Amino acid sequence: MKKLGSSLRTASTVHVWAVIACGLLWTAAAPAAQPDLGHGPPPMSVEMLQIQPVERTPVTGDVVHYLYDFKVGPGEYDRIQVHRMVRETKNHRPIKTTDGLLLVPGAPNSFESIFMTPSVSAVPDWDRSVAVFLAQHDFDVWGITFGWALVPIETTDFGFMEGWGVDRDARDTEIALTLARVVRTRTGQGPGPLHLLGFSYGVNIAAAVAGAESQWPPRLRNVKGLIPLDNAIQLPEGHALQVMACNDLFGYILPSLEGGIFQDDFSFLPLMGEWAIAEPDGVSPIFDWLTNYDATTFLGIVGGFLAGTLDPLATYTEPDLWVDALRITPPYRTMQVIFDVTAPRCGDPNYDPAYDDHLGDIALPVLYIASAGGGEGEIGSYAWYQTASEDITYLMVEGDQGGFAHGDLFLARDAPDWVWQPIVDWLLSH
């Protein structure tokens, strides 16, 4: 099995795992070896146990957003952000929630750009944020923003991104899950495992995390249920998308990595959002037959992110909201991530990342949600029927005008009815 650059390197940490009958507690011990998710969760540092949020922001009603900033290595960009959205009875006193879950965004996405867009856009009310919606239904909502999503647009040297792939993001997701359990224990929510929701690239992370945890003793596992949304992490032999994946793999991904190109540049997306605000009627540098403003909607539709019509330009998601979402889209993801998500879809045994090796051992309950008007639809469910789960629920989101697309699952006007309420119902039943 050939594996390009995937790594689980971390800074020096202190092993603190111990589970006792009364709950989940951590006690310091000698410095641990470098972690491997095949053997157990990453060792937790003393900083993990003492971490406090860097921001606490009241959002709407009694819902509050907490932001944690956490170093995961020695480098400048070796950090993640962890989010918590929860109702409170008073300052720093969360309610006794029904359950907890962690949301993993796509690539390139941050937590805010897909799960918390009202924080950067005046278009939707706060109940149009899935994180707030779930919190208002008495769930303890956590999320992660990966290190590559925090790299500023002016960056020019990307050598630090070498090897930053699914393994690294899965490790960081385990750190976020453990942090959530530490804080939930401290604030009276209990130490139990959480559900894991992954959107788009987050589906790959959910599979990597749950697959690794299937090899651990049950007492160490952080995840008890999976909600993957709209991504095909594996394909049946001969599927049309397999040819496309192989073309991408050999056409530009492998040559890029071998040529020392470690970033996948999406900086035009936030720029398009900025142009649409600054010069909405100006000629788009990307689509020169359209204005800057119309170019954003056109891109969303032809890219499969928004369902709608090209003439006239109309979508389930308000164009102004889409513009605001583009403006805060992270400018870069990593080429290693692109390799890791593309290689399993191609199926070439010479280029086979290990993170999905234990997909067949996953026995957790699964709610798979697909978009009917974009994204990867029904084929995304294929991988989950290869698991050992005996509890799989499949939801195709049609909408009422021909099918939601990929981004509509979290941005559309009717997403709370078509997508988020079914998630609440499934969580309550599990």
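The values are calculated or read from the model by the stated rules, or taken from the named source; none is laboratory data. Note that the coordinates shown come from a computational prediction; the quantities given were computed from them, not determined experimentally. Using ideal geometry, Cβ is built from the backbone for each residue, glycine included, and neighbour counts are taken over all protein chains shown. The protein model used for the area step is the full one, side chains on, heavy atoms only, and it has no ligands, DNA or RNA in it. Shrake-Rupley method; radii C 1.70, N 1.55, O 1.52, S 1.80 Å.
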Exercise. In segment 291-304, which residue that is out of contact with any strand residue (DSSP E or B) (no Cβ under 8 Å at 6 or more places or on another chain) and modelled with pLDDT of 95 or more is nearest to Leu249 (Cα to Cα)?
Worked result: Leu299
Exercise. Got at least one residue in segment 173-184 being within 15 Å of Arg333 (Cβ to Cβ) and either within 13 Å of the chain's Cα centre (by Cα) or buried (at least 24 other Cβ atoms within 10 Å of the Cβ) (or both)?
Worked result: no
Problem set entry | Residue list for segment 85-108, restricted to those being more than 25 Å from Phe146 (Cα to Cα) and of a type in the set (Asp, Glu) | Glu88
Exercise. Somewhere in segment 89-112, is a residue acidic (Asp, Glu) and in a helix (DSSP H, G or I)?
Worked result: yes
Exercise. Just a yes or no: is a residue in segment 326-348 over 16 Å from Pro108 (Cβ atoms) and outside any helix (DSSP H, G or I)?
Worked result: yes
Seminar exercise, completed: Scanning segment 185-207 residue by residue, those among the hydrophobic types (A, V, I, L, M, F, W, C) and open to solvent by 10 Å² or more (accessible area, probe 1.4 Å) turn out to be none
For this session: Tell me, yes or no, whether segment 315-335 has at least one residue that is in contact (Cβ under 8 Å) with a residue 12 or more places away in the chain, surrounded by 22 or more Cβ atoms within 10 Å (Cβ to Cβ) and more than 26 Å from Pro118 (Cα to Cα).
Result: yes
Exercise. Considering segment 218-231 alone, what residues qualify as being in a helix (DSSP H, G or I) and open to solvent by 60 Å² or more (accessible area, probe 1.4 Å)?
Worked result: Pro218, Arg219
Exercise. Which of the following residues is assigned to a helix (DSSP H, G or I), open to solvent by less than 20 Å² (accessible area, probe 1.4 Å) and within 23 Å of Asp425 (Cα to Cα): Ala210, Ala149?
Worked result: Ala210
Exercise. Does Pro416 fit the bill of being surrounded by fewer than 19 Cβ atoms within 10 Å (Cβ to Cβ) and under 23 Å from Val132 (Cβ atoms)?
Worked result: yes
Seminar exercise, completed: When segment 337-353 is checked residue by residue, the ones that are crowded, with 17+ Cβ neighbours inside 10 Å and on the phi < 0 side of the Ramachandran plot are Val337, Ile338, Phe339, Asp340, Val341, Thr342, Ala343, Pro344, Arg345, Cys346, Tyr351, Pro353
Exercise. What number goes with the only condition from (1) hydrophobic (A, V, I, L, M, F, W, C); (2) open to solvent by 40 Å² or more (accessible area, probe 1.4 Å); (3) part of a strand (DSSP E or B) that Ala388 does not pass?
Worked result: (3)
Problem set entry | Selection within segment 232-274 - aromatic (Phe, Trp, Tyr) and either open to solvent by 40 Å² or more (accessible area, probe 1.4 Å) or closer than 24 Å to Ala325 by Cα (or both) | Phe250, Tyr252, Phe266, Phe268
